[in-house]
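So the structure is just underneath, and the comments pick up after that.
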Amino acid sequence: MAEILVAAGHREAKLVEFADTVILNTCSIREKAAQKLRSEVGRLAMRKREQPDLMIVVAGCLGQQEGEKLLKSAPEIDLVVGPDNIAALPALIADFELGGTARVLTEFDLDAPRFLASNPATGRTPPATYVTVMKGCDERCSFCIVPHTRGAERYRPSREIIDEISLLVASGVREVTLLGQTVNSYRDPNAELPRAPYTGESRWQHTSRIVAEADESEFPALLWAIVQHAPGLLRLRYTSPHPRHLTRALVEAHRGISILAKHLHLPVQSGNNAVLKRMIRRYTREEYVERTAALLDAVPDLVLSTDVIVGFPGETVEQFQDTLSLIDEREFVGVFAFKYSPRPFTPALKLGDDISEAEKSNRLAELFARHDPKRRSRLSSLVGSVQQVLIEGQKADGAYTGRTARNEIVHLAAKADITGKLVPVRIALAFKNSLAAETVDESLRVDARELPKLARTADRAKVEAVDDVTPSRDESAGATTRVQLPVL
Ligand code: 5AD
């Protein structure tokens, strides 16, 4: 969004107070996001009384979901744009500035899907960046508003994806995360991908042959094509996959592609089959366990993280205990747990919302209490080890921040500019959600005693975390706006 606006001649304001156009990019996955938007718009509406030409734009999924209703409930809003209409923003803003009236543009580009490519020429592209490969969602998970706000699945031609990645690599990008709502259901609309290498006959024990073979996903083929055509790429990640499309071919891709991250975020949502069925997840606990076991067997140093919903309608205490036992069984490095939040236009609405807020909070607390010590002890166990860290950037205090292949965040100091480099480091300290390290290369090394100071400086800059989210959520989100920094 920023790249499109800058290319159209806009400038980014250093502080929101200096801006004459404010764009609120929104999420609608849980009710909390809607509350946040209301209070943010309220604040801006007050400012608009003093500054009548202040333009308020709502972008993203809440815009898509609410459309005209937003304008009715908050007449201070000037523009509402859906996720498929971002490219129209400069024209919409220009129209409005010329005296246009408030507008809502929330049309899906179903017939001619557009995928926004990043433009390395702007110099804004970080060493680790994102490339969208598909959008929309054909799943019908009963709790989820995404099919409504994002529309049907649309896939980007593999050639376009590979061209964008090649361009990014040529301009210095070293890590790419492939993005899509169910990223591993990807298929090439132009049917140009060679079949992915797939070893043999072995079937899933817990999935009938027909279902297993009906999976037409070409995501593994896309992964192989990317590594073949973009040899300078050092790391490849993807998010978020659906367990249903964790196929044998995808397991083989993980076994064979060395630059694939040793981390997979694979939302499970519940460990109980009856709940999974009511959620319309279309897999069982046994299938999830079998498929992740195959993946861990192929790549033993891979780690998993997951999403869980607690207090889904009708979830009994025993059913919740099944989720806890799955978390024990699978040893996730990150569990992002959410209280069930009824969303408009979702099938689960008709199931009611019978678990009290207090009970949802208790379950969330129990889950975190169970998982937190494991996360911490895992981070501590890395102290002393050598890790390859891809340096993503430098903070104002001079500390560099990067990630290991397994997605642990590492802070370190160095004598030379190491941004964009894959640097071997020795882990020196474990914080609550991240690590600090020193470079193995002595010529780059800065005294390790500096590290706690770095961490404290970082902590002072800590930005508030969302309260229904585990702290580590922010680490995997890779967001630049809300970063969880280490706490000593
Ligand atoms: N209530 C609570 N959590 C939800 N999620 C999606 N929809 C809901 C909802 N209605 C969670 C899921 C998903 C993550 C992105 O958000 O766990 O994986």
Yes or no: region 204-219 includes at least one residue that is surrounded by fewer than 20 Cβ atoms within 10 Å (Cβ to Cβ), more than 21 Å from residue 301 (Cβ to Cβ) and aromatic (Phe, Trp, Tyr). yes
Just the residues that are part of a loop (DSSP other than H, G, I, E, B) and away from the ligand (no atom under 16 Å from the Cβ), please, taken from region 11-48. 11, 12, 13, 14, 15, 19, 20
Is there any pair with a first residue in region 98-113 that is within 18 Å of residue 132 (Cα to Cα) and outside the structural domain of residue 81 (by TED's automatic domain parsing) and a second that is at pLDDT below 95 and surrounded by 17 or more Cβ atoms within 10 Å (Cβ to Cβ) whose Cβ atoms are under 7 Å apart and which are 6 or more apart or on different chains, and what are they? none
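Looking at residue 405, is it among the hydrophobic types (A, V, I, L, M, F, W, C) and without any contact (Cβ under 8 Å) to a residue 12 or more places away in the chain? Don't jump to the end; show me each part of the working.
Working: among the hydrophobic types (A, V, I, L, M, F, W, C): yes; without any contact (Cβ under 8 Å) to a residue 12 or more places away in the chain: no.
Taking the combined requirement at face value, the residue does not satisfy it.
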Criterion first (of a type in the set (Val, Ile, Thr) and either in contact with a strand residue (DSSP E or B) (Cβ under 7 Å, 6 or more places away or on another chain) or under 18 Å from residue 348 (Cα atoms) (or both)) does residue 251 satisfy it? no
All positions within region 306-327 that are more than 11 Å from the ligand (Cβ to nearest atom) and either hydroxyl-bearing (Ser, Thr, Tyr) or touching a His at 6+ places or on another chain (Cβ under 7 Å) (or both): 316, 323, 325, 327
Residue under question is residue 145, and the condition is that it be in contact (Cβ under 8 Å) with a residue 60 or more places away in the chain, under 25 Å from residue 345 (Cα atoms) and not charged (D, E, K, R); does it hold? yes
Of the conditions (1) under 22 Å from residue 249 (Cβ atoms); (2) buried (at least 17 other Cβ atoms within 10 Å of the Cβ), the single one that residue 323 does not satisfy is (1)
When you go through 169, 183 one by one, which is the residue that is surrounded by 13 or more Cβ atoms within 10 Å (Cβ to Cβ), touching a Gly at 6+ places or on another chain (Cβ under 7 Å) and assigned by TED's automatic domain parsing to the domain that holds residue 284? 169
Can you find a residue in region 293-312 that is modelled with pLDDT of 95 or more, of a type in the set (D, E, K, R) and under 19 Å from residue 140 (Cα atoms)? yes
Go through region 341-384 and give me each residue that's within 19 Å of residue 145 (Cα to Cα) and of a type in the set (Phe, Trp, Tyr). 345
Looking only at region 135-154, decide whether some residue is crowded, with 19+ Cβ neighbours inside 10 Å, modelled with pLDDT of 95 or more, of a type in the set (D, E, K, R) and more than 16 Å from the ligand (Cβ to nearest atom). yes
Please list, ordered by first then second residue, the pairs with beta carbon atoms under 6 Å, 6 or more apart or interchain, first in region 336-351 and under 18 Å from residue 61 (Cα atoms), second among the charged types (D, E, K, R) and near the ligand (Cβ under 7 Å from one of its atoms). 341/30
Consider residue 440 carefully, then state whether it is modelled with pLDDT of 90 or more and not assigned by TED's automatic domain parsing to the domain that holds residue 328. yes
Run down 328, 372, 354, 397 and say which single residue is surrounded by fewer than 16 Cβ atoms within 10 Å (Cβ to Cβ) and touching a Ser or Thr at 6+ places or on another chain (Cβ under 6 Å). 397
Sort out which residues of region 252-287 are buried (at least 23 other Cβ atoms within 10 Å of the Cβ) and of a type in the set (Val, Ile, Thr), and write them in order of number. 268
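The values are calculated or read from the model by the stated rules, or taken from the named source; none is laboratory data. Everything numeric in this text was worked out from a predicted model, so none of it was measured. Because the Cβ atoms are built from the backbone with ideal geometry, glycine has one as well, and the counts that use them run over all protein chains shown.
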